[in-house]
1. Considering region 64-89 alone, what residues qualify as being crowded, with 18+ Cβ neighbours inside 10 Å and not hydroxyl-bearing (Ser, Thr, Tyr)?
2. With the condition kept exactly as written, say whether any residue in region 125-141 is farther than 20 Å from residue 107 by Cβ, touching a residue at least 60 places away in the same chain (Cβ under 8 Å) and touching a strand residue (DSSP E or B) at 6+ places or on another chain (Cβ under 8 Å).
3. What number of residues within region 163-183 are open to solvent by less than 50 Å² (accessible area, probe 1.4 Å) and among the aromatic types (Phe, Trp, Tyr)?
4. For region 337-354: of the residues being open to solvent by less than 60 Å² (accessible area, probe 1.4 Å) and within 21 Å of residue 274 (Cα to Cα), which is farthest from the chain's Cα centre (by Cα)?
5. Report whether or not residue 304 is touching a residue at least 12 places away in the same chain (Cβ under 8 Å) and either over 24 Å from residue 64 (Cα atoms) or charged (D, E, K, R) (or both).
6. Within the group 99, 138, which residue is within 13 Å of residue 78 (Cα to Cα) and touching a helix residue (DSSP H, G or I) at 6+ places or on another chain (Cβ under 9 Å)?
7. For region 269-297, what are the residues that are open to solvent by less than 10 Å² (accessible area, probe 1.4 Å) and more than 19 Å from the chain's Cα centre (by Cα)?
8. Quickly run through region 38-63 and pick out the residues that are over 21 Å from residue 330 (Cα atoms) and surrounded by 15 or more Cβ atoms within 10 Å (Cβ to Cβ).
Amino acid sequence: MLKRILFTTTIIASLYVSLNAAVPKEKVFVVERESSSVAVIEDGLARNHMLHMHNMNHGVMKFYGKDGYLISRDGYIMRFNPMTEKKISEYKTSKSAIGFVINKNYVAVANYDDKSVDVLTRNLKPIQKLKTGSRNVGIKIYKNYLIFSEMDNDTIAVYNDINKGKGKPDFKLYKEFKNVGIMPFDALLDGDKYINGFFNSPWIGELNLDTMKFKKIPLELGKRKPILKVPHFGFWSVSNSKVFIPAVGDNKVFVFTPKFKFIKAITTEGMPVFTALSPDKKYLAVTFSGKKFPVIQIIDTKTLKIIKRFEFKGKVLHLRWSKIKPFLYVSVNDANEVIVIKTKGWWMQREIFQIKKPSGIFIYEYKEGRK
């Protein structure tokens, strides 16, 4: 009898825990490109708009723990609460900011206009301004290093935090790699490898941040076309067995091994801008510029074949895979909507309206306890 009571009590307790377990959820934040605002989508509906977010022409958002950060084209960085959707603080670093990184002790912003990198506290109080004499791109953090590319100087700069990650950082120039390629424009950090691309050189650069050795990896480019929109190398896609890189000025996606041995050049419908890998690494979504702005193609990463094509009623400026749902979110700028593609079966499940000129899509994941 006692065993039966204990067994029943255990089942009830387990059921109670299961029913009250935290449920993974997501908020989709969509930059509204021309209205200084950000739309917030939950459960398939546009539920709010964060207003007065400055020039959102190239708005970029990142999350770190319970904080959200956003930079505007006109040089503001903003910290906000992603749950309440309220701005906490802001700081203007320059007249034009392009990228930023976050760690537990600081935020670093790469600037175009005043040719510098700003280092701030997590609450956006100024610590340092690193003057470079160049527009700065491809900013990354590795261990105690801050790494970025100087577009106008054809240089990769590595700064070292002499406080070794303890408290407020103090960055000193550690090493510069000059003449790495003509006009670096974006970069990817893959483990200890800082990998960047160039506007006007037929190679990509790989800097090993442990050995501080740099090498050039050639790309087989065809006759290059005028570049209408810069490929985002921050959206290079790296799986366990392959690296996918959008070509600059060519209708191709390059496929390499993780050690950058060439596998294949996949011919695409247009000049690729984003190559976004699905969370399960099975599929690659590719967006384009020019006449093919309204198109996305889906590539099977095992066969390296294009398996699906979607065309929309306007320019596709961004897309993002959900990590907790079988969804691919697509911002269709001219149609003022976000499309949700159901990736099980590849069909358009939902059109989300009340989004004004959408571009960047960013997803905040959190857990919600059952009541």
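1. Selection gives 68, 70, 71, 73, 75, 77, 78, 79, 80, 82.
2. No - not one qualifying residue is present in region 125-141.
3. 2
4. Here the residue is 346.
5. yes
6. Going through 99, 138 in turn, just one is within 13 Å of residue 78 (Cα to Cα) and touching a helix residue (DSSP H, G or I) at 6+ places or on another chain (Cβ under 9 Å): 99.
7. 270, 295
8. 53, 54, 55
The values are calculated or read from the model by the stated rules, or taken from the named source; none is laboratory data. This is a predicted model, so every value here is computed, not measured. Note: ideal-geometry Cβ built from the backbone for every residue, glycine included; neighbour counts use all protein chains shown. With ligands, DNA and RNA removed, areas are computed over all heavy atoms of the protein, side chains included. Shrake-Rupley method; radii C 1.70, N 1.55, O 1.52, S 1.80 Å.
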